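The values are calculated or read from the model by the stated rules, or taken from the named source; none is laboratory data. Everything quoted here is computed from the prediction, not taken from an experiment. For neighbour counting, all protein chains shown are included, and Cβ atoms are generated from backbone atoms with ideal geometry for every residue, glycine included.
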């Protein structure tokens, strides 16, 4: 399932969209204002994980945050999702501070084997987000779940339990389930890190397709720099201790992206080299 | 070795032991009255069943066990979820639980008789107390070990607290709860029999004591056989139920498939 449009020129709509994305002056959809997070270990020790994080995320943007393991990427994503509170600063969604998890945002946990509910079949997992909406009738719920599963090519597996699926299939179910909720923002925590290389490329392209189709805003964290460049409009690099968002790179590679053509473009290699210099593993003593 | 072969071996071994018992009893001569052969016990049991003596005591014991089990289960799961969920409630109840838990519940039959008499209420209470603790402990552990990813995922989809308990916490903790329920089933069975033996008020426990005191030895053994078969059937039923409810668990699938092959 690699991108079917290898070498095809950009469609006018796509080009328009790319230009729109880079248009200055649009109000941000999500805005991280001086976000700080500290964890209290015991009475004497407090670890500051994130400090002075400022990022503005535009509507329909694909933004990736890269950083070494243990730098607090996951923590930042959970703060954006409203799952854990920031110690300082705030996250604004359409100008309003995020406190509880907002309906517009869906967070997909890193360990999909733990994020799918093992006691539910694939279909029942996909129906889950709609069960708390009284206005969605049972039949519509099933219908929407089935459509979403069909979109990721897993309708045949609807009656199976998660453990009966491969890692890549489980991740597709997690994506399908998230889409059922019709979010505007998708937060992905290293979503493709524990599958084999080929499956990872398939999932990356699936993610790009759904991002485009559903006009989503995606914030993804990863430690894989090439993945970040391949997927994103912009890449934010986290570094330092406590972590800060340093430079944010515009990824000016044309869309739709293609696993072969994009990754071998000279601009891709150039960006990769620049990012590698910024994202170095933390020294051992600085890790939590 | 195939599953069929393994079962055949076990059944064959059981047959050999029964044959040895039969032979030993027949050769024991005068002591045969205290040491009846399996064939004689089986004959007595058949007569007892035919004359309708077995059903009433069996039903009495099962009803008491059932009532106590359900009561203990409901209370233990409710308190276990609360203690697993809330640190404050755990701090409040933990010392009490740890003090009451080690008491062998059979020892409570005598004191409970003062309060509740020798009737059904006392026996049901003893069973409920015995059933309560293993399920409580396992429920607490099960609730505490729910993967945080489950909770985060549920929250990102906007689930409320009550739904969180019913739809995430209980199903996620259910394998552990079933482990406690399994232990409790055996414990409850022991306790209902002991309580009936002490209070001499019907049921299988009293039937055994009664047969013993009247020197109806074959009948006494027959009651023991009834207990063995009842316990076996209860366990089989429990495993079937557990397999149904935990169908989503990988290991229960494996078990079911093995059973289906056999």
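Given the residues B:173, B:233, B:166, which is the only one that is closer than 23 Å to residue B:66 by Cβ and either in contact (Cβ under 8 Å) with a residue 40 or more places away in the chain or surrounded by fewer than 19 Cβ atoms within 10 Å (Cβ to Cβ) (or both)? I'd like the intermediate steps shown before the answer.
Working: B:173 fails: closer than 23 Å to residue B:66 by Cβ; B:166 fails: closer than 23 Å to residue B:66 by Cβ.
Exactly one of B:173, B:233, B:166 is closer than 23 Å to residue B:66 by Cβ and either in contact (Cβ under 8 Å) with a residue 40 or more places away in the chain or surrounded by fewer than 19 Cβ atoms within 10 Å (Cβ to Cβ) (or both), namely B:233.
Conditions (1) touching a helix residue (DSSP H, G or I) at 6+ places or on another chain (Cβ under 6 Å); (2) modelled with pLDDT of 95 or more; (3) within 14 Å of another protein chain (Cβ to nearest Cβ), marked per residue:
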site: B:213; (1), (2), (3): no, no, no
site: B:226; (1), (2), (3): no, yes, no
site: B:232; (1), (2), (3): no, yes, no
site: B:245; (1), (2), (3): no, no, yes
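For region B:201-216, the set of residues classified as more than 13 Å from residue B:122 (Cβ to Cβ) and surrounded by fewer than 21 Cβ atoms within 10 Å (Cβ to Cβ) consists of B:209, B:210, B:211, B:212, B:213, B:214, B:215, B:216, listed by residue number.
Pick from B:141, B:136, B:151: which is in contact (Cβ under 8 Å) with a residue 40 or more places away in the chain and surrounded by fewer than 22 Cβ atoms within 10 Å (Cβ to Cβ)? Talk me through it step by step, then tell me what you get.
Values: B:136 fails: surrounded by fewer than 22 Cβ atoms within 10 Å (Cβ to Cβ); B:151 fails: in contact (Cβ under 8 Å) with a residue 40 or more places away in the chain.
After applying the criteria, what remains is B:141.
Please tell me if residue A:82 is part of a loop (DSSP other than H, G, I, E, B) and within 11 Å of chain B (Cβ to nearest Cβ). Let's see the steps before the verdict.
Working: part of a loop (DSSP other than H, G, I, E, B): yes; within 11 Å of chain B (Cβ to nearest Cβ): yes.
Yes: the conditions hold for residue A:82.
Residues checked against (1) within 21 Å of residue B:226 (Cα to Cα); (2) not assigned by TED's automatic domain parsing to the domain that holds residue B:215:
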{"site": "B:10", "(1), (2)": "yes, yes"}
{"site": "B:42", "(1), (2)": "yes, no"}
{"site": "B:47", "(1), (2)": "yes, no"}
{"site": "B:60", "(1), (2)": "yes, no"}
{"site": "B:76", "(1), (2)": "no, no"}
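The residues of region B:125-159 that are more than 13 Å from residue B:72 (Cβ to Cβ), more than 7 Å from chain A (Cβ to nearest Cβ) and in a helix (DSSP H, G or I), listed by number, are B:140, B:141, B:142, B:143, B:144, B:148, B:151, B:154. Is it the case that some residue within region A:58-76 is modelled with pLDDT of 90 or more, within 11 Å of chain B (Cβ to nearest Cβ), surrounded by fewer than 23 Cβ atoms within 10 Å (Cβ to Cβ) and closer than 30 Å to residue A:153 by Cα? Yes, that holds for at least one residue. For residue A:219, the criteria (1) modelled with pLDDT of 90 or more; (2) touching a helix residue (DSSP H, G or I) at 6+ places or on another chain (Cβ under 7 Å); (3) surrounded by fewer than 22 Cβ atoms within 10 Å (Cβ to Cβ) hold in every case but one, which is (3).
Just to be sure before I move on: is residue B:189 within 13 Å of chain A (Cβ to nearest Cβ) and surrounded by 19 or more Cβ atoms within 10 Å (Cβ to Cβ) in the structure I sent?
Numbers: within 13 Å of chain A (Cβ to nearest Cβ): no; surrounded by 19 or more Cβ atoms within 10 Å (Cβ to Cβ): yes.
Against the criterion (within 13 Å of chain A (Cβ to nearest Cβ) and surrounded by 19 or more Cβ atoms within 10 Å (Cβ to Cβ)), residue B:189 does not qualify.
Could you identify the single residue in B:183, B:198 that is in a helix (DSSP H, G or I), modelled with pLDDT under 95 and surrounded by fewer than 21 Cβ atoms within 10 Å (Cβ to Cβ)? Among B:183, B:198, only B:198 is in a helix (DSSP H, G or I), modelled with pLDDT under 95 and surrounded by fewer than 21 Cβ atoms within 10 Å (Cβ to Cβ).
Restrict the check to region B:15-36 and report whether at least one residue is closer than 26 Å to residue B:195 by Cα, assigned to a loop (DSSP other than H, G, I, E, B) and touching a residue at least 24 places away in the same chain (Cβ under 8 Å).
If we filter region B:15-36 for residues that are closer than 26 Å to residue B:195 by Cα, which is where we start, we get B:34.
Among the residues that remain, those that are also assigned to a loop (DSSP other than H, G, I, E, B) are: B:34.
Next, from what is left, pick out any that are touching a residue at least 24 places away in the same chain (Cβ under 8 Å): B:34.
Scanning region B:15-36, I find at least one residue that is closer than 26 Å to residue B:195 by Cα, assigned to a loop (DSSP other than H, G, I, E, B) and touching a residue at least 24 places away in the same chain (Cβ under 8 Å), so the answer is yes.
This table checks each residue for (1) without any contact (Cβ under 8 Å) to a residue 12 or more places away in the chain; (2) closer than 20 Å to residue A:37 by Cβ; (3) in contact with a helix residue (DSSP H, G or I) (Cβ under 6 Å, 6 or more places away or on another chain).
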| position | (1), (2), (3) |
| --- | --- |
| A:229 | no, no, yes |
| A:234 | no, no, no |
| A:250 | no, no, no |
| A:254 | no, no, no |
| A:258 | no, no, no |
| A:261 | no, no, no |
| A:264 | yes, no, no |
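Going by the conditions given, is residue B:29 modelled with pLDDT under 95, at positive phi, loosely packed, with under 11 Cβ neighbours inside 10 Å and not assigned by TED's automatic domain parsing to the domain that holds residue B:214? Explain how you work it out, then say what you get.
Numbers: modelled with pLDDT under 95: yes; at positive phi: yes; loosely packed, with under 11 Cβ neighbours inside 10 Å: yes; not assigned by TED's automatic domain parsing to the domain that holds residue B:214: yes.
Judged against the criteria, residue B:29 is a match.
Entry remark, region A:29-57: residues being surrounded by fewer than 17 Cβ atoms within 10 Å (Cβ to Cβ) and not in a strand (DSSP E or B) number 5 in total. Across region A:91-145, the qualifying residues are those that are closer than 21 Å to residue A:192 by Cβ and more than 10 Å from chain B (Cβ to nearest Cβ), and the one among them that is surrounded by the most Cβ atoms within 10 Å (Cβ to Cβ) is A:126. Could you tell me whether residue B:113 is surrounded by 12 or more Cβ atoms within 10 Å (Cβ to Cβ) and either under 24 Å from residue B:177 (Cβ atoms) or in contact with a strand residue (DSSP E or B) (Cβ under 7 Å, 6 or more places away or on another chain) (or both)? So residue B:113 does not fit the description; no.
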